[in-house]
Amino acid sequence: MGSKEVFINELKEFNMHHDNRLRVVEKAVKGLVPHEDACVKLFDCPIHKWMETRKPLLSKIYGSENIKALAARHAEWHEQSDKVCEILSSKNEKSSGLLGKVFGKKQEMNEGELDKAMSYVMDLKDLTETIDSTFGRMIKRANAIQDDMFEENV
């Protein structure tokens, strides 16, 4: 497999990454999965690590301004995700007291907290669509570029 195919496969792999992450966040808000499963910091995110590793090639193919814009949207995604995680973790801290341990009862979100969390989830949906469509355009562009453009900086 050539460098171009490897790169395009990487793009495809990440194209739906935050769509999947968003579903985990939504499940955590609904109490269906532990909040720790939903909370991924920016610097731990595979896309962030990949963008850092592939920065020279990404800038060469898409231009540094486009990559900066994608990085900004991605950072914003994690900021919104962190806000949801703060609400979720504060609920878990409250339920980890003595009564929570004795009765194993998880603290439910009140209506205000739930509204706030869902507002952040809606922002995440918008950002996810933006990131996914950007990756979709990146795949199309990569397919249209000559193979030798991928040989340097790999």
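The values are calculated or read from the model by the stated rules, or taken from the named source; none is laboratory data. These numbers come from a predicted model, not from an experiment. Glycine also receives a Cβ, built like all others from the backbone with ideal geometry; neighbour counts cover every protein chain displayed. The accessibility values were calculated without ligands, DNA or RNA, using every heavy atom of the protein model including side chains. Shrake-Rupley method; radii C 1.70, N 1.55, O 1.52, S 1.80 Å.
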Quiz item: Name the residues in segment 43-78 that are under 14 Å from residue 124 (Cα atoms) and among the hydrophobic types (A, V, I, L, M, F, W, C), would you?
Solution: 72, 75, 77
Self-check item: From the options 114, 127, residue that is modelled with pLDDT of 85 or more, assigned to a helix (DSSP H, G or I) and open to solvent by less than 40 Å² (accessible area, probe 1.4 Å)
Solution: 127
Exercise. Scan segment 51-83 for residues that are among the aromatic types (Phe, Trp, Tyr) and open to solvent by 20 Å² or more (accessible area, probe 1.4 Å) and jot them down.
Key: 62
Quiz item: Could you list, in sequence order, the residues of segment 15-28 that are modelled with pLDDT under 90 and buried (at least 17 other Cβ atoms within 10 Å of the Cβ)?
Solution: 15, 17, 18
Practice problem: Would you check if there is a residue in segment 25-32 being more than 19 Å from residue 117 (Cβ to Cβ), basic (Lys, Arg) and outside any helix (DSSP H, G or I)? | Solution: no
Quiz item: residue 100 fails exactly one of the following numbered conditions: (1) open to solvent by 30 Å² or more (accessible area, probe 1.4 Å); (2) at pLDDT below 90. What is the number of that condition?
Solution: (1)
Practice problem: Exactly one condition in (1) farther than 17 Å from residue 113 by Cα; (2) without any contact (Cβ under 8 Å) to a residue 24 or more places away in the chain; (3) open to solvent by 30 Å² or more (accessible area, probe 1.4 Å); (4) in a helix (DSSP H, G or I) is not met by residue 86; state its number. | Solution: (1)
Quiz item: Looking at 34, 46, which one is at pLDDT 90 or above and open to solvent by less than 90 Å² (accessible area, probe 1.4 Å)?
Solution: 46
Exercise. Taking the residues in segment 1-14 that are open to solvent by less than 30 Å² (accessible area, probe 1.4 Å) and under 17 Å from the mean Cα position of the chain (by Cα) as candidates, determine which candidate is nearest to residue 78 (Cα to Cα).
Key: 14
